[in-house]
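A.B. asks: Right, I'll just put the structure down here and ask away after.
The values are calculated or read from the model by the stated rules, or taken from the named source; none is laboratory data. On a predicted model such as this, the values are computed, not experimentally measured, just so you know. Cβ atoms come from the backbone with ideal geometry, glycine included; neighbour counts cover every protein chain shown. Ligands, DNA and RNA are stripped out before the accessible areas are found, and what is left, the full protein with its side chains, is counted by its heavy atoms. Shrake-Rupley method; radii C 1.70, N 1.55, O 1.52, S 1.80 Å.
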Amino acid sequence: MKVAFFDAKPYDKPSFEAYGEKAGIRFKFYETKLNEDTVALAHGCEGICVFVNDEVTAPVIDRLVEAGCRFIALRCAGYNNVDLAYLAERIPVFHVPAYSPHSVAEHAMAMLLTSIRRIHKAYIRTRDFNFSLNGMTGFDLHGKTVGVVGTGKIGRCFVDICRGFGMRVLAYDKYPADLQGVTYVDTDTLFRESDVISLHCPLTKETYHMIDDAAIKKMKRRAMIINTSRGALIDAAALLTAIKERRIGGACLDVYEEESEFFFEDFSNHIVEDDILTRLISMPNVIVTSHQAFLTEEALDNIAETTVQNILAFFDGAPQNVVKK
């Protein structure tokens, strides 16, 4: 069985090759992303394997149907890049709902600690043998209030980490769970009372730009915002304005609204033509990582194993982890 694997990176190949060989699946790795211009690469394959920035749009879907593609395997949890309404029942889509919730939750906390304790600045400063502590004052997390938006598997891991730091935990979720030490509130209350706000929810029509200018105006002036979910949960322009006007304490972003053109690529010798992104990166109270929260050995192994299992389950007539509109 041949599967076209788009947006392939060196760290993807070992685990997918290993699990694919065991299952009789040969992945054809392409560095290019899936779009209207590259979909022809899937010709002759039973299905495709795609990631967060591949474009599964109406024109692409038409071409896949014409080529006889039988499935779309997402090697990620989110599926906002797939036109599910247009796809209808023509080709099934599988995803990886939980690969390593700990990896994302731990990265969110790592960014927060790095920011509030100025660890990134200390590293740069001491490399230059500058041991001054001026401008390095942070604040304790113990006793602070954290607002967690989305209490799925990743959100719950983050809640556990925050409780370990002795933080008061508020949460918002469309479907609240019975979690010890967590108080569910509406978003207005969460924005108003939280010292730290961390987003762990999917991107939907309801959550698109949930952090906008109106939401930011409800927050504390020293509030920290963390986003390790999807970039478009935050109105990036509104966030930049709020940071410039010193209306929030800072932001830790592993995702960005327009990241598909830049993240996972090397632009160190190029000019990045996105003024909002470059301004955010230049701010002293903003940390940006390039969608790497998932990137641990354990997560990569789980992603490959689950993706291969999803493909095999489909051919066994018992599909699993199917994404529905």
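A.B. asks: Which of the three applies to the stretch 28-84, rounded, prolate or oblate, going by the alpha-carbon gyration tensor with a ≥ b ≥ c and a/c under 1.5 meaning rounded?
C.D. replies: Taking the square roots of the gyration eigenvalues as a ≥ b ≥ c, the stretch 28-84 is rounded.
A.B. asks: Another one. Let a ≥ b ≥ c be the square roots of the eigenvalues of the Cα gyration tensor of the stretch 9-48; is it rounded (a/c under 1.5), or, if not, prolate (a/b larger than b/c) or oblate?
C.D. replies: Since a/c reaches 1.5 but b/c is at least a/b, the shape of the stretch 9-48 is classed as oblate.
A.B. asks: Full extension from Glu265 to Phe131: what is 0.36 nm times the residue separation minus their Cα-Cα distance, to one decimal in nm?
C.D. replies: 44.8 nm
A.B. asks: Test of understanding: what is the full-extension gain from Ile91 to Arg163, defined as 0.36 nm times their sequence separation minus their Cα-Cα distance?
C.D. replies: Full extension from Ile91 to Arg163 adds 21.7 nm.
A.B. asks: Now for a separate question. So for the chain, taking the charge dipole from beta-carbon charges (+1 Lys/Arg, -1 Asp/Glu), which of Cys162, Leu300, His120 sits furthest toward the positive end?
C.D. replies: In the chain, that residue is Cys162.
A.B. asks: Determine how large the accessible area of Arg163 is when every protein chain is in place; take a 1.4 Å probe and give Å² rounded to the nearest 10.
C.D. replies: Rounded to the nearest 10, the figure is 100 Å².
A.B. asks: Beyond 13 Å, what percent of the Cα pairs of the stretch 211-269 remain?
C.D. replies: Considering the stretch 211-269, 61 percent of its Cα-Cα pairs are separated by more than 13 Å.
A.B. asks: Rank Asp186, Asp160, Asp128 by mean-square fluctuation in a GNM of the chain with C-alpha springs under 10 angstrom and give only the top-ranked residue.
C.D. replies: In the Gaussian network model the winner is Asp128.
A.B. asks: Would you mind checking the tilt of helix 153-164 against the longest principal axis of the Cα atoms of the chain, expressed as 0 to 90 degrees and rounded to 10?
C.D. replies: 30
A.B. asks: Further, regarding this structure: Filter the GluC sites (Glu not before Pro) in the stretch 193-254 to those in DSSP coil with at most 12 other Cβ atoms within 10 Å of their Cβ, and list the result.
C.D. replies: When the GluC sites (Glu not before Pro) of the stretch 193-254 are filtered for loop state and at most 12 Cβ neighbours within 10 Å, Glu206, Glu245 remain.
A.B. asks: Ignoring ligands, DNA and RNA, what accessible area per residue does the stretch 118-230 give at 1.4 Å, in Å²?
C.D. replies: 57
A.B. asks: Which percent of the Cα-Cα distances in the chain go past 34 Å?
C.D. replies: 28
A.B. asks: Sort Glu55, Glu261 from largest to smallest accessible area, using a 1.4 Å probe on the heavy atoms of the protein chains.
C.D. replies: Listed by decreasing accessible area, they come as Glu261, Glu55.
A.B. asks: Residue separation times 0.36 nm, minus the C-alpha to C-alpha distance between Leu84 and Lys244: what's the value?
C.D. replies: Separation in residues times 0.36 nm, less the Cα-Cα distance, equals 53.8 nm.
A.B. asks: I've got another one for you. Probe 1.4 Å, all protein chains in place: accessible area of His107 in Å², nearest 10?
C.D. replies: Roughly 30 Å² of His107 is accessible to a 1.4 Å probe.
A.B. asks: May I pose another question? Filter Lys144/Lys218; Lys121/Lys153; Lys205/Lys324; Lys2/Lys324; Lys174/Lys205 down to the pairs with a C-alpha to C-alpha distance above 20 Å, please.
C.D. replies: Result: Lys121/Lys153; Lys2/Lys324 exceed 20 Å.
A.B. asks: Let a ≥ b ≥ c be the square roots of the eigenvalues of the Cα gyration tensor of the stretch 58-202; is it rounded (a/c under 1.5), or, if not, prolate (a/b larger than b/c) or oblate?
C.D. replies: oblate
A.B. asks: Here's a follow-up. Any chance you could look up the accessible area of Thr151 with a 1.4 Å probe, heavy atoms only, rounded to 10 Å²?
C.D. replies: Thr151 has an accessible surface of roughly 0 Å² with all protein chains in place.
A.B. asks: Let me ask another. Considering the alpha-carbon set of the stretch 1-132 alone, what are its Rg and its Dmax in angstrom?
C.D. replies: 19.6, 64
A.B. asks: Quick one: helix 297-315 against the long Cα principal axis of the chain, what's the angle to the nearest 10°, folded into 0 to 90?
C.D. replies: Helix 297-315 sits roughly 30 degrees off the main axis of the chain.
A.B. asks: On to the next question. Can you work out the accessible area per residue across the stretch 234-325, with the rest of the protein chains kept in place, probe 1.4 Å, in square angstrom?
C.D. replies: 52
A.B. asks: Select from the stretch 103-144 those chymotrypsin sites (Phe, Trp or Tyr not before Pro) which occupy a DSSP coil region and have at most 13 other Cβ atoms within 10 Å, ordered by residue number.
C.D. replies: Answer by residue number: Phe129, Phe131, Phe139.
A.B. asks: Using the basic label-point model (7 angstrom from Cα toward the beta carbon), what is the Ala313 to Arg222 distance in nanometres?
C.D. replies: The two pseudo-label positions are separated by 4.7 nm.
A.B. asks: Keeping every protein chain in place, order Leu179, Leu240, Leu41 by accessible area at 1.4 Å, biggest value first, i.e. largest first.
C.D. replies: These residues rank, largest area first, as Leu41, Leu179, Leu240.
A.B. asks: Hey, in the GNM for the chain with a 10 angstrom Cα cutoff, which one of Ala42, Ala304, Ala67 fluctuates hardest?
C.D. replies: Maximum among the listed residues: Ala67.
A.B. asks: Okay, moving on. Based on DSSP H runs of at least 4 residues, each adding -39500 (n - 2.57), what is the mean residue ellipticity at 222 nm of the chain after dividing by all its residues, to the nearest 500 deg cm²/dmol?
C.D. replies: -10000 deg cm²/dmol
A.B. asks: Enumerate by residue number the trypsin sites (Lys or Arg not before Pro) in the stretch 1-31 meeting two conditions: DSSP loop (anything except H, G, I, E, B), and at most 15 other Cβ atoms within 10 Å of the site's Cβ.
C.D. replies: none
A.B. asks: Angle, helix 101-116 long axis vs. longest principal axis of the chain, Cα atoms, 0 to 90°, nearest 10?
C.D. replies: Orientation of helix 101-116: about 30 degrees from the principal axis.
A.B. asks: Rounded to a whole number, what % of the accessible area of the chain do carbon and sulfur atoms account for, probe 1.4 Å?
C.D. replies: Carbon with sulfur: 50 percent of the solvent-accessible area.
A.B. asks: Quick one: 3J(HN,Hα) in Hz for the stretch 188-203, Karplus 6.51/-1.76/1.60 with θ = phi - 60°, rounded, Gly and Pro as x.
C.D. replies: Along the stretch 188-203, the couplings run 4, 5, 4, 5, 6, 9, 8, 8, 10, 10, 10, 9, 9, 10, x, 8 Hz.
A.B. asks: Here's another thing I want to ask about it. Once you put a point 7 Å from the Cα of Ser282 and another 7 Å from the Cα of Ala177, both along the Cβ direction, what distance in nm separates them?
C.D. replies: 4.2
A.B. asks: In debye, nearest 20, what is the charge dipole magnitude of the chain about its Cα centre with +1 on Lys and Arg Cβ and -1 on Asp and Glu Cβ, if you could check?
C.D. replies: Result for the chain is approximately 1200 debye, rounded to the nearest 20.
A.B. asks: Using a 7 Å offset from the Cα along the Cα-to-Cβ direction at both Tyr30 and His43, what is the distance between the two label points in nm, to one decimal?
C.D. replies: 1.1
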